[in-house]
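**Q** Here's a structure for you.
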Amino acid sequence: MRPGSVHAASAISPRLIFSSGLVLLIVLAILALMQGGSLVAWSDIAAAPFRPETLAQAIIETIRAPRLSAAILVGICLAVAGAVMQTVLRNPLAAPDILAVTTGAQLALVIVTLLLPFYVPSLAATVFGGVFGGLACLTLGGGLRAPPVRLALAGIAVSLSFAAISSAIVLMADDRASGIVLWSAGILDQTGWTKVATVGPAVAIGLFVVAMMARALDLLGLGEDSAKGLGITRTVTVLALGASVVLAGAAVTLGGPIGFVGLAVPNLIRGIGITRHRQVIPLSALWGAVVVLLADVTAQWLSAEGSSIPTGAIVACLGAPTMLILLRFARIGQEQRPRALSISSRLPAGILLAILLVASAIAVVLALAVGDGVAKTMAELAAVFDLRAPRLLVAMGAGMLLAGAGVFLQAATRNPLCGPETLGLAQGAALFSLAALLGGLLPGSFGFQLVAAAGSFAALFCLFAFGVHRTPERLVLYGIALAASLGACGTIVVVEARLQATQALSWLAGSTHARGMDDVTALLPWLAFLLIAAVSFCSRLDVLVLGDDTARSLGLSTSRTRFAAAAMAATFVAGAVSSIGAIGFVGLLAPHAARLLAGPKHARLLPVSMALGAILVVIADMVGRSIIAPRELPAGIVTALVGAPVFALLMHRRRS
Amino acid sequence: MTAVAMAADPAEKSQGTIIQATDVSVVFNGMAAVDRASVAIRPGRITAICGANGSGKSTLLKCLSGLEAPTSGAVLLAGQALAGLSRGQIARQVAVLGQNPETPAGLNVEELVEQGRYPHRPWLTRLRAGDRDAIERAIAAVDLKDMRQRQLASLSGGERQRAWVAMALAQEPQILFLDEPTSFLDVRHQAELLTLLRRLNREEGLTIIAVLHDLNQVVEFADDVILMKKGQVLSTGAPVEIFTPRLLSHAFGCTVDVVPHPHTGRPFCLIDWVADRSDRDGARDHR
Ligand SMILES: Nc1ncnc2c1ncn2[C@@H]1O[C@H](COP(=O)(O)OP(=O)(O)OP(=O)(O)O)[C@@H](O)[C@H]1O
Ligand SMILES: [Mg+2]
């Protein structure tokens, strides 16, 4: 079956889709030009082609028209790149952002702008970075023919860690929260035509190559063997992927990392029954432009009073609803379950215990001794103990909760891709935490925790209320969209409310900054709940992973158990996030790493996951405190940095 | 042809029925996968369910075993409505081996078989001696003693199938449902599995209901057969009685001949594999 192949209830005529898109684009373009004060009027836009020497004309020419062009180009590039990647990889989940091309390009851009002492053309940097990110994803995921879910998992992992590196670099170069928010969310502000003019030719070449390959892409969609039989060579594949990476790189150069367009638009176009690339490509391009422009108009409209909301955040906000519609009304191809819940092996219990004990001992000692300078004597240690011990304990508790949540979610959904961060539970809790913070609730207070729990449960409700979870791929696709939407709402809240840098980062990325013994006691009830849930649920989780029919025939009422497990996971997440914010990677990766060490049975898997989760967060926190001391890198950024190599190891073991 | 409910015969009623389904229908998206099926399963016997692909065998099996609630109609297990029993109560009497169960990675044979004890274990307890015995017996029964530590993913299709059978046996059910249990097995392992099931049936009185595709296997193996077509029960009874060329050809939509088996004298089904009459008749004419 072809990727993203869909069976629509009714096929809408491509011509209608094209003309309606064009009309919408023109309307939006006019809106975009007129937006932002009354400086530009109808008459100015009408007169613009004749270039009168007015202020309005100057504004149009130097600010608004370049921004408009950038928005349109970004939309075209991302959507076309996504369409091509989905076909070539035969993977409906493929897109520049999912395959880490976007984040790779962004990382390269951050490096050449902030770190390198000499000038590198930004397009060269983004294309190089995009290739690097894509290759990292393919290498980790298992090559061009890797199963969709595995490739997406690898891509998400690489993306998260690249994004973390980018954030770390931005934080080191610029301490303001606004800096990191703006760098990481996609901004279309242009000063003059320079960027548009430099990427223009590359975009043209990329689009030309793709257009020439439309027929070959049709054949590629038929499957590797038939394509080969019809004379499609590997060169075609490489050329198509190369063109899509160039397009994605151009998009990042123009507007930073804007996600979802490449994933959603081509899937939607295919969803309404259009399959020939001669039509898919131009329609994707047009609607990609419409989506980005719409987001940009919305962003400018919302940020009228001087604050500047990133366009990428708006696009991401639209991510979840779009994906929901897509999943509701279209059938995404390759609806098969990943065959196995990740690989696992096991060590003898004694060795395992020894490893965990040694690792936690090292983590504890490091966490207490290292920070802003290393404490070498007992006296020095005693001096910093009161500051560092609570942070250590909070980090451990949160790590255990997140890892526990990951195990529960993966068992409940039988889906190795699920974690608090890929299903949006962590982002939901973080968004509600931000709201609670703005509402004046004290972090660590019961009310605050309750609001955070409301957040994770709201995310859970959004996930399961709409019936898109029939296959794991859909669930994760929607979960990632939901996570991105909620995270983007968080970004918008931070920008709009002008929250302080450390506070904002603390909830968006996760940090143990300034946590005290109060926060430790606030965590205790949640940990008690985690332990009770783990003990009472572990044999049920063992049965649940055998599949619905088998589990039911063994006497488990699966829907109730699954719901209970998911609700418990949401509770754990709320506990963790209300104490240290949305720390990523831990809940997703600790269970996988634990499966590798302890095997699949939950009686061993759960405790080992929790231990690994705790160690991971503690080490991340320690590194974050010390690496750019006296300033701090949020632990959440470090977990992503630490998580990536661990994950790389995991994926490699898995393939060999 | 009309469906003949076995329980309608008073002589057979005296033997009792362990599962009684009356007018069971299952509707998916407006289409009846099972259409007003009434069957009675007798205890201590082997019942085969036969029919073409998509005729509703798996769905009927799920209804009878309580995995799926019928859209209408009722199923009684030992006189009690399945709908009124808890999952645990059903699972202590009934084991089901599905058509292609998922195997979670990393689980080894022993751990899989262990899961069969789940319905018998009180909450929050570890495995007890009785559980261990049941697991040992089940593993021995399917001859997987040497492979008990092997990961399921590393087994061949047939070995994995036997591991799943062992899990169902560890459940120590009175009734065992199997959906195409022989489909991944080579002839020898098919024979071994059927022999094992037959032994359990004869020695321990295990009631077996299995979906089987090989009609000759059914004749050898099953005491009763339920023949389905398009969701309806076409006929029920002993294979020796109901396997007629007309009925089978009608059920499968291809030409099936039935001749006496040269050794046993029981019916032997000959399937016209290359259903091109004119060609064969032509060849015959030349002779
Ligand atoms: N969950 C479901 N949702 C929708 N339709 C279903 C579902 N399960 C089965 N069906 C439909 O019901 C009909 C009967 O299916 P069933 O699996 O019972 O057939 P079967 O006789 O077991 O076939 P096979 O020999 O291929 O296993 C089929 O047409 C199938 O498409
Ligand atoms: Mg079937």
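**Q** Per the Cauchy relation, a quarter of the hull surface: what is the mean projected area of the convex hull of the alpha carbons in the stretch A:490-618, in nm²? Working shown, then result.
**A** Numbers: hull surface 37.1 nm².
Averaging across all directions leaves 9.3 nm² for the Cα convex hull.
**Q** Each residue of the stretch B:124-131 in order: what ³J(HN,Hα) in whole Hz does its phi give by Karplus 6.51 cos²θ - 1.76 cosθ + 1.60, θ = phi - 60°, with x for Gly and Pro?
**A** So the J values, rounded to whole Hz, are 6, 10, 8, 5, 10, 4, x, 4.
**Q** Okay, moving on. Nearest 10 degrees is fine. How inclined is helix A:425-438 to the longest principal axis of chain A, computing both from alpha carbons?
**A** That helix lies at roughly 90 degrees to the long axis.
**Q** Here's another thing I want to ask about it. Relative contact order for the stretch A:14-329: what is it in percent, counting Cα pairs under 8 Å that are at least 6 residues apart? Before the final figure, lay out each step's value.
**A** Values: 517 pairs, mean separation 95.9, N = 316.
The value is 30 percent.
**Q** Another question, if that's okay. Would you mind checking which residues have amide H under 5 Å from B:Ala78's amide H? H placed 1.01 Å from N; only 5 or more apart, or other chain.
**A** B:Ile19, B:Gln20
**Q** Counting only GluC sites (Glu not before Pro) that sit in a DSSP loop (anything but H, G, I, E, B) with at most 15 other Cβ atoms within 10 Å, what is the longest stretch of chain A containing none of them? Working shown, then result.
**A** Working: sites that count: A:Glu53, A:Glu305, A:Glu335.
For GluC sites (Glu not before Pro) (loop position, at most 15 other Cβ atoms within 10 Å), the longest site-free span of chain A is A:336-656.
**Q** With every protein chain left in place, what is the accessible area per residue of the stretch B:62-119 in square angstrom, probe 1.4 Å? Don't skip to the answer; put the middle values down first.
**A** Values: 2000 Å² over 58 residues.
Accessible area per residue, the stretch B:62-119: 34 Å².
**Q** Right, here's the next one. For B:Ile226, what residues show an amide H to amide H distance below 5 Å, using hydrogens built from the backbone and excluding near sequence neighbours?
**A** B:Ala48, B:Ile49, B:Cys50
**Q** Given a 1.4 Å probe and every protein chain left where it sits, what share in percent of the accessible area of the stretch A:518-643 is carbon and sulfur? Intermediate values should be presented prior to the final figure.
**A** Numbers: 2310 of 3320 Å².
The computed percentage sits at 69.
**Q** For chain B, which longest stretch is free of loop sites, where a loop site is one of the chymotrypsin sites (Phe, Trp or Tyr not before Pro) that DSSP puts outside H, G, I, E and B and that has at most 14 other Cβ atoms within 10 Å?
**A** Values: sites that count: B:Trp123, B:Trp273.
Here the longest run is B:124-272.
**Q** Next question. Indicate, rounded to the nearest 5 percent, the antiparallel portion of the DSSP beta bridges found entirely in the stretch B:19-244.
**A** Values: 20 of 38 bridges.
Restricted to the stretch B:19-244, the bridges split so that about 55 percent are antiparallel.
**Q** Continuing with the same structure: Tell me, what is the percent relative contact order of the stretch B:52-98, built from C-alpha pairs under 8 Å that lie six or more residues apart?
**A** Values: 21 pairs, mean separation 12.9, N = 47.
Relative contact order, the stretch B:52-98: 27 percent.
**Q** Right, another one. For the stretch B:110-253, with all protein chains present and a 1.4 Å probe, just round the carbon and sulfur fraction of the accessible area to a whole percent.
**A** Numbers: 3000 of 6130 Å².
Carbon and sulfur: 49 percent of the exposed surface of the stretch B:110-253.
**Q** Determine, from the Cβ-Cβ distance of A:Val27 and B:Phe28 and an R0 of 56 Å, the FRET efficiency 1/(1 + (r/R0)^6), rounded to the nearest 0.05. Show your work: numbers first, answer last.
**A** Values: r = 44 Å, r/R0 = 0.79.
FRET efficiency, A:Val27 to B:Phe28: 0.80.
**Q** Could you do me a favour and compute the accessible area per residue for chain A, 1.4 Å probe, result in Å²?
**A** 37 Å²
**Q** Suppose only helical runs count, i.e. DSSP H with n ≥ 4. What mean residue ellipticity at 222 nm does that imply for chain B under -39500 (n - 2.57) per run, divided by all residues and rounded to the nearest 500 deg cm²/dmol?
**A** Helices in chain B give a 222 nm mean residue ellipticity of -9500 deg cm²/dmol.
**Q** Same structure again: Could you derive backbone 3J(HN,Hα) for the stretch B:241-255 from the dihedral phi with the Karplus parameters 6.51, -1.76 and 1.60 (θ = phi - 60°), listing whole Hz in sequence and x where the residue is Gly or Pro?
**A** Once θ is set to phi - 60°, the couplings for the stretch B:241-255 become 7, 9, 6, 10, x, 5, 4, 5, 4, 5, 5, 9, x, 9, 7 Hz.
**Q** Quantify, in whole percent, the carbon and sulfur part of the accessible surface of the stretch A:14-329 (1.4 Å probe; protein heavy atoms only). Mind showing how you got there, number by number?
**A** On the way: 8930 of 12350 Å².
Roughly 72 percent of what the probe reaches on the stretch A:14-329 is carbon or sulfur.
**Q** Another one. Show the residues, 5+ positions off or on another chain, whose built amide H is closer than 5 Å to the amide H of A:Leu188.
**A** A:Thr311
**Q** Obtain the nm distance between the two label points defined at A:Thr62 and A:Thr521 by a simple spin-label model: each point lies 7 Å from its Cα along the Cα-to-C-beta direction.
**A** With each label placed 7 Å out from Cα toward Cβ, I get 6.1 nm.
**Q** For the protein assembly as shown, what is one quarter of the convex hull surface built on the Cα atoms, given in nm²? Provide the component values of the computation, followed by the final result.
**A** Numbers: hull surface 184.5 nm².
Mean projected area of the Cα convex hull: 46.1 nm².
**Q** Please compute the contact order of the stretch A:394-655 in relative form: average sequence separation of alpha-carbon pairs under 8 Å and at least six residues apart, divided by the residue count, as a percent.
**A** Working: 467 pairs, mean separation 90.7, N = 262.
That works out to 35 percent.
**Q** Tell me whether the stretch A:14-329 comes out rounded, prolate or oblate; compute the Cα gyration tensor, take square roots of the eigenvalues as a ≥ b ≥ c, and use a/c under 1.5 as the rounded threshold.
**A** On the way: a/c = 1.80, a/b = 1.30, b/c = 1.39.
Cα axes put the stretch A:14-329 in the oblate bin.
**Q** Could you compute how much accessible area chains A and B hide from each other, both sides summed, with a 1.4 Å probe? Nearest 100 Å² is fine. Walk me through the numbers before you get to the answer.
**A** Numbers: alone 25770 and 14710 Å², together 38070 Å².
Using a 1.4 Å probe, the pair buries roughly 2400 Å².
**Q** Something else: Label points 7 Å out from Cα along the Cβ direction at B:Glu241 and A:Thr275: separation in nm?
**A** 5.0 nm
**Q** Quick one: helix A:101-110 against the long Cα principal axis of chain A, what's the angle to the nearest 10°, folded into 0 to 90?
**A** The two axes meet at around 90 degrees.
**Q** Mind checking the angle between helix A:446-465 and chain A's longest principal axis? C-alpha axes, 0 to 90 degrees, to the nearest 10.
**A** Helix A:446-465 sits at roughly 60 degrees to that axis.
**Q** Calculate the spin-label point distance for B:Arg132 paired with A:Trp193, positioning each point 7 Å from the Cα along the beta-carbon direction, and give it in nanometres.
**A** 8.4 nm
**Q** Read phi for every residue in the stretch A:41-56 and hand back ³J(HN,Hα) as whole Hz from Karplus 6.51 cos²θ - 1.76 cosθ + 1.60, θ = phi - 60°, with x for Gly and Pro.
**A** 10, 3, 4, 5, 5, 5, 7, 3, x, 8, 6, x, 8, 10, 5, 4
**Q** Figure the gain on full extension for A:Ile12 and A:Arg215 (residue separation times 0.36 nm, minus the Cα-Cα span) and round it to one decimal in nm.
**A** Numbers: separation 203, 0.36 × 203 = 73.08 nm, distance 2.20 nm.
Gain in length upon complete extension: 70.9 nm.
**Q** Report the rotationally averaged projected area of the stretch B:150-287 based on its alpha-carbon convex hull, in square nanometres.
**A** Details: hull surface 46.1 nm².
The Cα convex hull of the stretch B:150-287, projected and averaged over all directions, gives 11.5 nm².
The values are calculated or read from the model by the stated rules, or taken from the named source; none is laboratory data. Every value quoted in this text rests on a predicted model; they were computed, and no experiment measured them. Cβ coordinates were reconstructed from backbone atoms using ideal geometry, including for glycine residues, and neighbour counts include every protein chain displayed. Areas reflect the complete protein model, heavy atoms only, side chains present, ligands, DNA and RNA absent. Shrake-Rupley method; radii C 1.70, N 1.55, O 1.52, S 1.80 Å.
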